[in-house]
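Chemist: Below you'll find the structure I mean.
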Amino acid sequence: TSTRTRDRLADAERKLAEKVESTSTSTRTRDRLADAERKLAEKDEPTKTSTRTRDRLASAEKKLAEKRYSSETSSRTRDKLAEAERKLAEKYSGPAATSSKTRDKLAELEKKLADRETSSNTRDKLKDAEEKLARLRMKSRKEEISSYALDEFEKKQMLLKKLLEKNKNADVAFLVDCTGSMAGYINETKNQIQSIASEIVEIYENKLRIAFVGYRDHSDGARRIESLAFTEDVEEFKMFVNTIRAMGGGDAPEDVLGGLEAVINLGWSSAAKVVFHVGDAP
């Protein structure tokens, strides 16, 4: 074997070694390279170089060509690929490959999730409680208003009842013109007066006191005023009214003011005071 052949072999091995170093060849490749160098050293003598050595040289050159092709991938790309594979392995290699830090983070996330779910449930319960409280307050408020309104109504009813109780009794006086000009009306007047007195007692079921004042004119002397003081006896009242006669008077004007004075001087006592005035001339 010529010196040129050995030089080519040495140069190929050197290039192969440089390429292996620059491309981070795997441990297996380096072992194979060391084995090749050892065998090459054993074959270093010129007289022992055989056809097999030339085959090995061709094989080495072929591998060198393959390495040149593969070396187009940059070292940075391989580093990124290795890093990605490492992270992928850590993520999917199963529970045994999960680091303590990852487990801690997972536990922390699970805890936060549980806390968030608990917090959400708590907020829901709180919102529900607030809504119920609002409904109860509204109901209570309505009940208070209803109770207040009912109390006020009952108070007013009681006051009205007291007023009615106090004022249900009445003093009623009948002031009648009894002069001669009333002759055509006096009988009907007496009938109406008696009917009014009876109906008041029957309809209103109250305590009624009735009185009668008949007036004539100044010229009629002692009969100018005829009166019956307040009495609760309706029959007594009717009997007195039946005795009244239309008479006297003289001229057109009558003693109306004298009749009113007599009415005022009656013994009024009830809260309700009523005067019925019947006449045909002032």
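The values are calculated or read from the model by the stated rules, or taken from the named source; none is laboratory data. Computed from a predicted model, the values in this text were never measured in an experiment. Note: ideal-geometry Cβ built from the backbone for every residue, glycine included; neighbour counts use all protein chains shown. Accessible surface is based on the protein model in full, side chains and every heavy atom, while ligands, DNA and RNA are left aside. Shrake-Rupley method; radii C 1.70, N 1.55, O 1.52, S 1.80 Å.
Chemist: Obtain the nm distance between the two label points defined at Val201 and Lys156 by a simple spin-label model: each point lies 7 Å from its Cα along the Cα-to-C-beta direction.
Modeler: 3.6 nm
Chemist: How many Å² of accessible area per residue for region 111-260, probe 1.4 Å? If you can, show how the numbers build up before the last one.
Modeler: Values: 10230 Å² over 150 residues.
Result: 68 Å² of accessible area for each residue.
Chemist: Mind listing the long-range amide H neighbours of Gly250? Cut-off is under 5 Å, sequence gap 5 or more, other chains count too, H placed in the peptide plane at 1.01 Å from N.
Modeler: Counting only residues 5 or more places away or on other chains, the set is Gly180.
Chemist: In a shell of Cβ-Cβ distance under 12 Å around Ile196, excluding Ile196 itself, what net charge do Lys and Arg (+1) and Asp and Glu (-1) give? Intermediate results must be reported in sequence, preceding the final value.
Modeler: Details: positive: Lys190, Lys238; negative: Glu199, Glu202.
The answer is 0.
Chemist: Along Cα→Cβ, 7 Å out, is where each label goes; now give me the distance between the ones at Ala229 and Thr102 in nm to one decimal.
Modeler: For Ala229 paired with Thr102, the spin-label model returns 12.2 nm.
Chemist: What's the FRET efficiency of Asp7 with Arg28 using the Cβ-Cβ distance as r and R₀ = 45 Å, to the nearest 0.05?
Modeler: Working: r = 28 Å, r/R0 = 0.63.
Efficiency computed from Cβ-Cβ geometry: 0.95.
Chemist: A further question on this structure: Need one number: nm distance between label points at Ser269 and Lys132, each 7 Å from Cα along Cα→Cβ, rounded to one decimal.
Modeler: Taking the two extended label points, one gets 6.6 nm.
Chemist: Determine the percent antiparallel among the DSSP beta bridges restricted to region 103-239, to the nearest 5.
Modeler: Taking every DSSP beta bridge within region 103-239, about 40 percent pair in antiparallel fashion.
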